[in-house]
Amino acid sequence: MFYSLGKYILLLRLSFKKPEKFSVYWSEVMREMVSIGIGSLAIIAIISVFIGAATTIQVAFQLSGPLVPQSVAGTIARDSTILEFSPTISALVLAGRIGSSIASQIGTMRVTEQIDALEIMGVNAPGYLIAPKIIAGMTMVPILVVLSIVLGISGGYIACVVSGDISPADYVIGLREGFIPLTVRVAMVKAITFGFLITSICAYQGFYTSGGALEVGQSSTSGVVYSCVMILFADLVITRLML
Amino acid sequence: MIEVKDIYKTFGDNEVLKGISVKFEAGKNNLIIGGSGSGKTTLLKCIVGLHEPTKGQVFFNGENFTEMNFEERVPIRTEIGMLFQNSALFDSMTVEENIMFPMNLFTNQTKAEKLDRANFCLERVNLKGKNKLFPAELSGGMKKRVGIARAIAMQPKYLFVDEPNSGLDPKTSILIDELINELTDEYNITTVVVTHDMNSVMGIGEHIVFLHQGQKWWEGSNHEIAHTDNKELNDFVFASKFMQAAKDRL
């Protein structure tokens, strides 16, 4: 475990060495941002709306009673969405979508000697392949999380309108009650950390692939599994430290 | 010129290279031949720095490449062109982008200049007009030729070629060999080819190094190879009845 951790840290150090040519790296960062950000929009939108809606209905069900105002469901749905559902569930889904793609892309480049070709040319392969992905991940995951929060809360509103469990007006009152800006900061810290973990862990798994197609698949699976475990661990640590 | 001095390479308990010393001269087709597992590709990878030798040194024009760090190696690496066994073209880039890639990173040429050079390289390997194709749209022989075009894009002093004929039909193999030969003469490149293709050995082998069990077993030219009494080399080169008959006719 310590050997792998050391290798991972050394790879990250190599990844952030001074680039050979900034403009080439910059265009790679832009390309990765499109791939990670735009490419994940649909899946994030779908899961956010449904999770927001389901959360609101469940909270309304659990708190139904004469002593609890209906608007509380809106408040709880908002805070749960901002603090936990949007950052964590989005990150877990993104680990599956972009993490597996990163690990298999870099792993395939390794087994087909494309990484060797980069090194022969004098290119710092970790810098060229990994750094743009990490930068793009740390930029785009927070944006996706913001979008997820908005859509999750909207999903809750739609659930109110459709199900009638709570009146939409009460839901909106609940959303506006007792808002603490710290929750958004926590969500952003989580999103940036998750973006880093997904891209760096999966890139590490792909970079040290050896063998053939079977091993590329294994690297991809390992990347997603380790990313998910680390996301949940980081989620706990950040929550404990910031709240 | 490239000089390899007493190279050893061990993977775990397996000693693949056992003290190989050899000089590869400029303007010559230097061939490394040997059976499967003899250490040909490992030697090539030790020379270009993809593997670090367990012991020994590699000199490029007198400069000790083995003792350099990554940054110190970059100027030499920009003078190296390499064609990999599976071509190793970047899948996400077009043919043109593949060829322009090293120029984008290591030169300050304008886009038009880089495009001119890419077109020249493509024309040189008889692939004019294939600029916009992706590697997945190319045949095996075309991929090799694009690999060569990319390797010569930076006008290298050293050209390394790993199994240029693997997976190719005999006619295409000869075309690739001729191309390597022409480029070596034209630009006075130090070319090192790893192969076990006998057509290449007899056709372009100006300087041949035969590896056997991780050691340099024999060294000479394609003219000398037909008259050697080295048993292992004869067993390797003239293994087929056809080659044996060809040898007898010499």
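Computed on the range B:115-250, with alpha-carbon pairs under 8 angstrom and 6+ residues apart, the relative contact order is 15 percent. In the protein assembly as shown, a dipole from Cβ-located charges (positive for Lys and Arg, negative for Asp and Glu) runs towards its positive end, and of A:Y8, B:T191, A:M188 it is A:M188 whose Cα lies farthest in that direction.
Only Cα pairs within less than 10 Å get springs; with that Gaussian network setup on chain A, which residue of A:F50, A:F207, A:F61 has the largest fluctuation? Answer for the Gaussian network model of chain A: A:F61. Ranking B:I99, B:L127, B:L89 by how far each Cα lies toward the positive end of the dipole of the range B:88-155 (charges on Cβ) leaves B:L127 at the top. Enclosing the Cα atoms of the range A:13-152 in their convex hull gives a volume equal to 109 cubic angstrom per residue. Contact order, relative form, for chain B: 27 percent (alpha carbon pairs under 8 Å, 6 or more residues apart, mean separation divided by residue count). Within 10 Å of the Cβ of each residue in A:122-128, the mean number of Cβ atoms contributed by other protein chains is 4. Give, to the nearest whole percent, the P(r) tail of the range A:21-242 beyond 26 angstrom, counting all Cα pairs. Cα-Cα pairs of the range A:21-242 separated by over 26 Å account for 43 percent.
Distances between placed amide hydrogens fall under 5 Å for B:F160 paired with B:G81, B:M82, B:L83, B:V192, all partners being 5 or more residues away or on another chain. A crude spin-label estimate for the pair A:V24 and B:N108, with each label 7 Å from Cα along the Cβ direction, gives 1.6 nm. Largest GNM mean-square fluctuation among A:K133, A:K190, A:K21, using chain A with Cα springs under 10 Å: A:K21. Label separation (B:N199 vs B:F11): 2.9 nm, computed from points 7 Å beyond Cα along the C-beta direction.
Peptides B:239-245, B:211-217, A:148-154 ranked from most to least packed give A:148-154, B:211-217, B:239-245, packing being the mean of other C-beta atoms within 10 angstrom over each peptide's residues.
Summing charges over neighbours of B:S139, with a neighbour being any other residue whose Cβ is under 12 Å away from its Cβ, gives +2 when K and R count +1 and D and E count -1.
Could you give the distance between the Cα centres of the range B:138-162 and the range B:77-111, to the whole Å? Rounded to whole Å, the Cα centres lie 9 Å apart. Using unit Cβ charges (K, R positive; D, E negative) and no other charged atoms, how large, in debye to the nearest 20, is the dipole of the range A:21-242 about its Cα centre? That gives the range A:21-242 a dipole magnitude of about 260 debye. Between B:E178 and B:E71, full extension at 0.36 nm per residue minus the direct alpha carbon distance yields a gain of 35.1 nm. Shielding of peptide A:107-120 by partners, expressed as the average count of other chain Cβ atoms within 10 Å per residue Cβ, is 6. Between B:E186 and B:D91, the contour length at 0.36 nm per residue exceeds the Cα-Cα span by 31.2 nm.
When all alpha carbon pairs of the protein assembly as shown are counted in 10 Å bins from zero, the resulting P(r) reads 4, 17, 23, 20, 14, 10, 7, 4, 2, 1, 0 %.
FYI, it's all coordinate maths here, none of it is from the lab. Remember, predicted model here, so these are calculated numbers, not experimental data. All Cβ positions, even for glycine, are placed from backbone atoms using ideal geometry, and neighbour counts span all protein chains on display.
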